[in-house]
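The values are calculated or read from the model by the stated rules, or taken from the named source; none is laboratory data. Bear in mind that the values here come from a model prediction, so they are computed numbers and not experimental data. With ideal geometry, Cβ positions are generated from the backbone for all residues, glycine too; neighbour counts draw on all protein chains shown. Each accessible area value is taken on the protein alone, full model and side chains, heavy atoms only, with ligands, DNA and RNA left out. Shrake-Rupley method; radii C 1.70, N 1.55, O 1.52, S 1.80 Å.
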Amino acid sequence: LYLPKVGWYNAVLQPSFHLQYSEDTLAFVVLSTPSMFDKAFKPFVNKQLLKKMNDPVDQCVSYHLSLVKENLSDQRMDVIYDYEILPNRKPKFLAQTAAHVAGAAYYYQRKDVKCDPWGEKKIYGVCIHPQYGGWFAIRGLLIFPDVQVPFLEQVAPVDCVASEEKRIELLEKFNFHWRDWSYRDIIEVKERYSEEQRAYFGAPPAERFKLLELQGVVQKSAFY
Ligand code: B12
């Protein structure tokens with residue numbers, strides 16, 4: 001969990017992406033680290049009845065955030081998930097921008113490279129975490145509409161990919177070779193996804209259920 005306020009997020013975005021809360025509103029960015037798979041996901045699929053229609057990891061995240069909500073039931077709390085989209089097809093929140101302004105993970109974009117070699121190509125940006133490199137995901141945003149934090153001080157994210165050459169290498173790997181996982185190791189990391197977790201996330205969504213059965217994580221009957 002990392003702490004931002006809505007104003008920092010809105011400040012770097014064009015109005016069409018703004019969140020409709022006052023600027024001092026407290027929010028948290030939720031990241032998942034490599035151990036999420038063993039600590040939260042496997043126990044979850046073992047215990048819970050999964051709905052076959054929805055992505056199992058998304059169901060796991062929303063289950064755990066619903067527990068957070070229950071535990072803080074005296075507080076109003078809105079949750080936005082990374083996979084939620086608006087009717088105009090735009091994401092409900094930009095996870096990478098939120099992670100950057102919260103100080104969680106530096107968001108490297110094309111404009112962070114001075115001598116840009118890509119011409120007309122569309123180049124997507126990528127966040128790198130100082131401890132987990134690229135081995136994490138941004139799962140959601142928790143917003144507390146009744147909590148105002150006017151005096152919160154903004155913390156800059158760690159610029160862990162500082163050189164021009166490394167930034168170019170990072171963006172190339174993320175855009176053109178993301179399937180080989182190599183962009184995630186652009187810096188020395190403390191923990192990566194296990195073999196099992198890579199097999200799971202590397203599989204097309206339709207095959208992930210089957211994999212969980214093969215890996216013995218769930219019984220066939222666990223799905224409905
Ligand atoms: C749509 C989407 C895709 C699309 C399009 C990608 C794109 N970036 O547009 C596709 C299908 C191609 C895609 C692919 C992948 N994706 Co994707 N995707 C998303 C999603 C849902 C929305 C991204 C989006 O539409 N952005 C809109 C554009 C316009 O935003 P933008 O380029 O950042 O522009 C804004 C900033 O520049 C900002 N801005 C301007 N000035 C400044 C200044 C500062 C300082 C800051 C901070 C911001 C800022 O303003 C702009 C908007 O006005 C996000 C989750 C989310 N909810 O955010 C995941 C997400 C970006 N994807 C992710 C990943 C990992 C991938 C894949 C590797 C596949 C995978 N899941 O394993 C591939 C890799 C890319 C590739 N080579 O294809 C991760 C990235 C994690 C990270 N470390 O950064 C995310 C965050 C999902 C997650 N849950 O963690 N993805």
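Which residues, counting only those in the stretch 142-160, are in contact with a helix residue (DSSP H, G or I) (Cβ under 6 Å, 6 or more places away or on another chain) and buried (at least 17 other Cβ atoms within 10 Å of the Cβ)? Even if it seems obvious, please write down each step before you answer.
We begin by selecting, within the stretch 142-160, every residue in contact with a helix residue (DSSP H, G or I) (Cβ under 6 Å, 6 or more places away or on another chain); these are 154, 157.
Matches in the stretch 142-160: PRO157 only.
Yes/no per residue for (1) in contact with a Phe, Trp or Tyr (Cβ under 6 Å, 6 or more places away or on another chain); (2) of a type in the set (A, V, I, L, M); (3) closer than 22 Å to PHE41 by Cβ; (4) within 14 Å of the ligand (Cβ to nearest atom):
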site	(1), (2), (3), (4)
CYS160	no, no, no, yes
LYS166	no, no, no, no
GLU172	no, no, no, yes
PHE176	no, no, no, yes
ILE187	no, yes, no, yes
GLU191	no, no, yes, no
TYR200	no, no, yes, yes
ALA203	no, yes, yes, yes
Go through the residues of the stretch 109-118 one by one and say whether even a single one is in contact with a strand residue (DSSP E or B) (Cβ under 8 Å, 6 or more places away or on another chain) and either within 27 Å of PHE44 (Cα to Cα) or near the ligand (Cβ under 9 Å from one of its atoms) (or both).
-> no
Among (1) within 18 Å of the chain's Cα centre (by Cα); (2) surrounded by fewer than 17 Cβ atoms within 10 Å (Cβ to Cβ) - the single one TYR183 does not satisfy | (2)
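Tell me which residues, restricted to the stretch 132-150, are of a type in the set (A, V, I, L, M) and more than 16 Å from the ligand (Cβ to nearest atom).
The answer is VAL147, VAL149.
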Out of the stretch 74-85, which residues are within 18 Å of the chain's Cα centre (by Cα) and among the aliphatic types (A, V, I, L, M)?
-> VAL79, ILE80, ILE85
Within the stretch 83-105, tally of residues that are closer than 18 Å to TYR21 by Cβ and in contact with an Asp or Glu (Cβ under 9 Å, 6 or more places away or on another chain) = 4
Return the total of residues in the stretch 27-56 being closer than 18 Å to LYS92 by Cβ and aliphatic (A, V, I, L, M).
-> 4
Entirely in the stretch 1-96, the helices (runs of 4 or more DSSP H) that have 1 or more residues that are touching a helix residue (DSSP H, G or I) at 6+ places or on another chain (Cβ under 7 Å), farther than 30 Å from LEU211 by Cα and open to solvent by less than 70 Å² (accessible area, probe 1.4 Å) | 6-12
